[in-house]
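> This is the structure, below, for whatever I ask next.
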Amino acid sequence: MNFDSHDRKRLVGVAVFLSLLFCSLVVRFYQIQIIENEKWTQAALSQHQYVATEPFMRGSFYSNTSIKKGHPEEEQPFVIDVPKFHLFIDPDSIPPAAKQEMASELSRLLQRPLEQVADQFEKKSRSRKIAGWLDRKNREEIETWWKSYAAQKKIVKNALFFTSDYKRSYPFGSMLGTVLHTVQEEKDPQTGQPIPTGGLELLYHPYLKGKPGKRLIIRTPRRPIDAGTVLEVPENGADVYLTINHYLQAIAETELAKGVKASHAKGGWAVMLDPYNGEILALAQTPSFDPAQYTKYFNDPKLAELTHVKAVTDCFEPGSIFKPLTMAICMKANEELVKRGQKPIFSPQEKVPTANGNFPGRTIPLKDGRVHSFLNLELAVQKSSNVYMARMVQRLVDTLGVDWYRNALTQTFGFGQKTHVELPAESGGLVPTPGKVHPNGKLEWSLGTPYTLSIGYNILVNSLQLVRAYAILANGGFAVQPHLVRKVVKTLPDGEQKTIVDNTHYRATQQILSRQITETIIRAMKYATKEGGTSKRADIYGYTEAGKSGTAEKIVNGQYSKQQNISSFVGIAPAKNPRFVLLVSIDEPEIKYIPGVGKRQLGGASAGPVFREISTKALQYLGVAPDDPYGYPYGDPRRDPKRADWFKEVTALKELYEQWNR
């Protein structure tokens, strides 16, 4: 066959074109296979597989079940992680004709608005979340419908799938909620960790948090979406064992709520502490915070206040519950003066004139509930005398000076300093400082300050500071560190348990008050709940106790209010070898006179009965045998006043009072 020149040119052109095309294909192949291999490999794999996050279990909080001597310690959780599921769809794998029908059925099963569900089906995505935090029953219902529907419509099984997760659950409901707090439902997008809302969840987050695992998931019509290869095993968080006992906490919360209701009060709180090892056995508050409904509280400014542990964050002027501590400081001053070879400022048995309430720097005299001509230490505590306390402090500052007095408040009892309990936002309170000026230009410490300090005013304290101070009296004078955590335990992958934090061996060892001082003060406080005392309604039937009531006026708009009080009772039970110190505070009890009881707003009338009920049930639970088996109220067949504890002492003190105050 002959080709003319024109044909040859055409053939050459075609050959060149094909050669160039082939070369371009080779170049493109090289670019895709070699240069852009990683990019296209990932693109291909994303169509068929992806790496899913394997959830971990956050650490739990456990009750102190070791508190009952001779009983086996059994784990009792306050909070646990329970399995939950998130529902996803793969919109790209669902035929358009089936989307509306699927959305309608899922809306019905999930009880969610149709528009909310249907909107996710229109997204251009391989993974859209339809619903979160479903339980196993929800999952089974949806899976049962989906298996049948997918087979009928010939839709790939993986077009609808679940992922696993864990959610906080509370076996005791809202109990201890303010202390524990919770974690938000939405996790940190960067770390995958839950976000604490406060409390112990926040402070112990570094221990509680775990490490997510990884699982390789294959996308095929035949392979379930939740199958795959575990690339990295998840690591669970450590568990926190608390000092709080669930039974004692339940008692405290129940009786506190009853007491607040009976007093028609705004609220209240209670703190129970072991005076020897500093373990907080109960920390109750009402109204309380329900962690399962945390969004309701944080979205309402009025409810947000309930998320604070008021015993730690809120300070107040303690009033008369401060008086036994004043007496302890005065007795410590006695010991200091004796060491210096000087005369003590007073004797506990001394007959002290108390009718005159005039003190330096005060334009208004101090007054007692009734005028007492003469009192000694025991009578002053029993009658809650303001004048006696101020008179003793006057002698103290005249002899040792105001700096010594202030140092005793801060260094002996730790007022003005945080207790460093394991809770966020603790307030350290305020002890006025001589020479220091308030922001308003007035001196913190004036000439009359020592006398108001002596009766629990001009000082701000939190409730845990007060309980710690009373623990020093209860344990014989030893400084004690209040704490909420006994130990933190991490379970390793091989099942071995490793203790990371261990406070179980802590005991108070530094003595800061002599035993003579503490025994004298406790003896005086025993009179407060007996005949002639201000807190008879705090008497624990069948047991001994030592305590003190107090009613402090709240400052409203810069002035002391006659209508708003914080009324408290703090006590030790039993009086000898005590098992706990307990403070009960009632916030703004109703101002009302109750026949046969007295003024409801007083600490002895509002907080005293709550102390009695909590203490009675707590001592019975702890297995403490009654040490006052004849000390029961009128009408009780067990009552025998002549054989009851402290009968002779109360009778003798009554006679002494009548002799001095005729």
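The values are calculated or read from the model by the stated rules, or taken from the named source; none is laboratory data. Note that this is a predicted model, so its numbers are computed, not measured. Cβ placement follows ideal geometry from the backbone for every residue including glycine, while neighbour counts extend to all protein chains displayed.
> Kindly state which helices (runs of 4 or more DSSP H) lie completely within the range 281-326 and contain at least 2 residues that are farther than 25 Å from PRO450 by Cα and under 12 Å from the mean Cα position of the chain (by Cα).
In the range 281-326, 310-313 are the helices (runs of 4 or more DSSP H) which contain 2 or more residues that are farther than 25 Å from PRO450 by Cα and under 12 Å from the mean Cα position of the chain (by Cα).
> In addition: If the requirement is being of a type outside the set (S, T, N, Q) and buried (at least 18 other Cβ atoms within 10 Å of the Cβ), which of these qualifies: GLY213, GLY199, GLY173, GLY192?
Numbers: GLY213 fails: buried (at least 18 other Cβ atoms within 10 Å of the Cβ); GLY173 fails: buried (at least 18 other Cβ atoms within 10 Å of the Cβ); GLY192 fails: buried (at least 18 other Cβ atoms within 10 Å of the Cβ).
The match here is GLY199.
This table checks each residue for (1) among the β-branched types (Val, Ile, Thr); (2) surrounded by fewer than 24 Cβ atoms within 10 Å (Cβ to Cβ); (3) not in a helix (DSSP H, G or I).
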residue	(1), (2), (3)
ARG537	no, yes, no
THR544	yes, yes, yes
ALA552	no, yes, yes
ASN565	no, no, yes
ILE586	yes, no, yes
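> Suppose we filter ASN475, ASN503 for residues that are farther than 23 Å from CYS315 by Cβ, touching a His at 6+ places or on another chain (Cβ under 7 Å) and surrounded by 17 or more Cβ atoms within 10 Å (Cβ to Cβ); which single one remains? Show your work before the answer.
Values: ASN475 fails: touching a His at 6+ places or on another chain (Cβ under 7 Å).
Result of the check over ASN475, ASN503: ASN503.
> Which pairs turn up if I take residues in the range 624-637 that are of a type in the set (Val, Ile, Thr) and look for partners that are assigned to a loop (DSSP other than H, G, I, E, B) and at pLDDT 95 or above with beta carbon separation below 6 Å, at least 6 apart in sequence or on another chain?
Partner pairs satisfying both residue conditions: VAL624/ARG579.
> Sticking with this structure for a sec: Right, ARG507: in a loop (DSSP other than H, G, I, E, B) and touching a residue at least 24 places away in the same chain (Cβ under 8 Å) or not?
yes
> How many residues are farther than 25 Å from GLY199 by Cβ and either surrounded by 13 or more Cβ atoms within 10 Å (Cβ to Cβ) or in contact with a Cys (Cβ under 7 Å, 6 or more places away or on another chain) (or both) when one looks only at the range 413-446?
9
> Looking at the range 592-605, is at least one residue part of a helix (DSSP H, G or I), of a type in the set (Gly, Ala, Ser) and either out of contact with any strand residue (DSSP E or B) (no Cβ under 9 Å at 6 or more places or on another chain) or farther than 23 Å from LEU473 by Cβ (or both)?
yes
> Would a scan of the range 129-136 turn up a residue that is modelled with pLDDT of 90 or more, farther than 30 Å from PHE61 by Cα and either among the acidic types (Asp, Glu) or touching a helix residue (DSSP H, G or I) at 6+ places or on another chain (Cβ under 8 Å) (or both)?
yes
> Of the residues that make up the range 89-101, is at least one surrounded by 12 or more Cβ atoms within 10 Å (Cβ to Cβ), part of a strand (DSSP E or B), assigned by TED's automatic domain parsing to the domain that holds ASN64 and touching a strand residue (DSSP E or B) at 6+ places or on another chain (Cβ under 9 Å)?
Yes, the range 89-101 contains a residue that is surrounded by 12 or more Cβ atoms within 10 Å (Cβ to Cβ), part of a strand (DSSP E or B), assigned by TED's automatic domain parsing to the domain that holds ASN64 and touching a strand residue (DSSP E or B) at 6+ places or on another chain (Cβ under 9 Å).
> Go through SER174, SER148, SER107 for me and flag whichever is touching a residue at least 60 places away in the same chain (Cβ under 8 Å) and among the polar types (S, T, N, Q).
Going through SER174, SER148, SER107 in turn, the sole match is SER174.
> For VAL581, all conditions in the list (1) at pLDDT 95 or above; (2) surrounded by fewer than 24 Cβ atoms within 10 Å (Cβ to Cβ); (3) touching a Phe, Trp or Tyr at 6+ places or on another chain (Cβ under 7 Å) hold save one; what is the number of the exception?
Tallying (1) at pLDDT 95 or above; (2) surrounded by fewer than 24 Cβ atoms within 10 Å (Cβ to Cβ); (3) touching a Phe, Trp or Tyr at 6+ places or on another chain (Cβ under 7 Å), VAL581 fails exactly one: (2).
> So ARG468 ticks every box in (1) surrounded by fewer than 24 Cβ atoms within 10 Å (Cβ to Cβ); (2) under 25 Å from SER514 (Cα atoms) but one. Which box is left unticked?
(1) is the only condition that ARG468 fails.
> Taking HIS420 and the conditions (1) more than 22 Å from PHE359 (Cα to Cα); (2) of a type outside the set (Lys, Arg); (3) touching a Lys or Arg at 6+ places or on another chain (Cβ under 9 Å); (4) in contact (Cβ under 8 Å) with a residue 40 or more places away in the chain, which numbered condition does it fall short on, given that it satisfies the others?
(3)
> Any idea how many residues of the range 254-272 are of a type outside the set (A, V, I, L, M, F, W, C), within 16 Å of GLU590 (Cβ to Cβ) and surrounded by fewer than 23 Cβ atoms within 10 Å (Cβ to Cβ)?
Here the count works out to 5.
> Something else now. If I ask for residues that are in a helix (DSSP H, G or I) and polar (S, T, N, Q), which ones from the range 327-364 would you list?
Just the residues of the range 327-364 that are in a helix (DSSP H, G or I), to begin with: 327-339.
Answer for the range 327-364, where residues must be in a helix (DSSP H, G or I) and polar (S, T, N, Q): just ASN334.
> So, one more: All but one of (1) within 20 Å of TYR527 (Cα to Cα); (2) part of a helix (DSSP H, G or I); (3) at pLDDT 95 or above hold for PRO626; state the number of the condition that does not hold.
(2)
> Pick from ALA333, ALA311, ALA292: which is over 28 Å from GLU186 (Cβ atoms), outside the structural domain of GLU185 (by TED's automatic domain parsing) and surrounded by fewer than 24 Cβ atoms within 10 Å (Cβ to Cβ)?
It is ALA333.
> Looking only at residues in the range 635-661 that are in a helix (DSSP H, G or I) and within 44 Å of the chain's Cα centre (by Cα), which one is surrounded by the fewest Cβ atoms within 10 Å (Cβ to Cβ)? It would help to see each step written out before you state the result.
Keep residues of the range 635-661 that are in a helix (DSSP H, G or I), which gives 647-660.
Keeping just the survivors that are within 44 Å of the chain's Cα centre (by Cα) gives 647-651, 653-654.
Values: PHE647: 17, LYS648: 10, GLU649: 14, VAL650: 19, THR651: 15, LEU653: 21, LYS654: 16.
Filtering the range 635-661 for residues that are in a helix (DSSP H, G or I) and within 44 Å of the chain's Cα centre (by Cα), the one surrounded by the fewest Cβ atoms within 10 Å (Cβ to Cβ) comes out as LYS648.
> If a residue has to be touching a Leu at 6+ places or on another chain (Cβ under 6 Å) and either of a type in the set (Gly, Ala, Ser) or closer than 20 Å to SER169 by Cβ (or both) to count, how many in the range 108-133 make the cut?
1
> When you go through LYS339, LYS332, LYS323 one by one, which is the residue that is in contact with a strand residue (DSSP E or B) (Cβ under 8 Å, 6 or more places away or on another chain) and not hydroxyl-bearing (Ser, Thr, Tyr)?
Answer to the check: LYS323.
> Identify all residues within the range 113-141 that are surrounded by fewer than 14 Cβ atoms within 10 Å (Cβ to Cβ) and of a type in the set (A, V, I, L, M); write none if there are none.
Selection gives LEU114 alone.
> Continuing with this model, one more query. Exactly one condition in (1) in contact (Cβ under 8 Å) with a residue 24 or more places away in the chain; (2) more than 24 Å from PHE316 (Cβ to Cβ); (3) in contact with a helix residue (DSSP H, G or I) (Cβ under 9 Å, 6 or more places away or on another chain) is not met by LYS642; state its number.
With (1) in contact (Cβ under 8 Å) with a residue 24 or more places away in the chain; (2) more than 24 Å from PHE316 (Cβ to Cβ); (3) in contact with a helix residue (DSSP H, G or I) (Cβ under 9 Å, 6 or more places away or on another chain) applied to LYS642, the lone miss is (1).
> Still on this structure, I have one more. Mind telling me which of the residues GLY192, GLY198 ends up being among the small types (Gly, Ala, Ser) and at pLDDT 95 or above?
Among GLY192, GLY198, only GLY198 is among the small types (Gly, Ala, Ser) and at pLDDT 95 or above.
> Can you confirm whether LYS323 is basic (Lys, Arg), in the same structural domain as GLU588 (by TED's automatic domain parsing) and touching a residue at least 40 places away in the same chain (Cβ under 8 Å)? Full working, then the answer.
Values: basic (Lys, Arg): yes; in the same structural domain as GLU588 (by TED's automatic domain parsing): yes; touching a residue at least 40 places away in the same chain (Cβ under 8 Å): yes.
Taking the combined requirement at face value, the residue satisfies it.
> Do the conditions hold for ALA150, that is, is it part of a strand (DSSP E or B) and either of a type in the set (Gly, Ala, Ser) or closer than 23 Å to GLY210 by Cβ (or both)?
Working: part of a strand (DSSP E or B): no; either of a type in the set (Gly, Ala, Ser) or closer than 23 Å to GLY210 by Cβ (or both): yes.
Against the criterion (part of a strand (DSSP E or B) and either of a type in the set (Gly, Ala, Ser) or closer than 23 Å to GLY210 by Cβ (or both)), ALA150 does not qualify.
> Among (1) surrounded by fewer than 18 Cβ atoms within 10 Å (Cβ to Cβ); (2) under 30 Å from ARG638 (Cβ atoms); (3) not charged (D, E, K, R), which single condition is LEU492 missing?
Every listed condition holds for LEU492 apart from (2).
> Can you tell me which of (1) over 31 Å from the mean Cα position of the chain (by Cα); (2) modelled with pLDDT of 95 or more; (3) surrounded by 15 or more Cβ atoms within 10 Å (Cβ to Cβ) is the one ARG515 doesn't meet?
(3)
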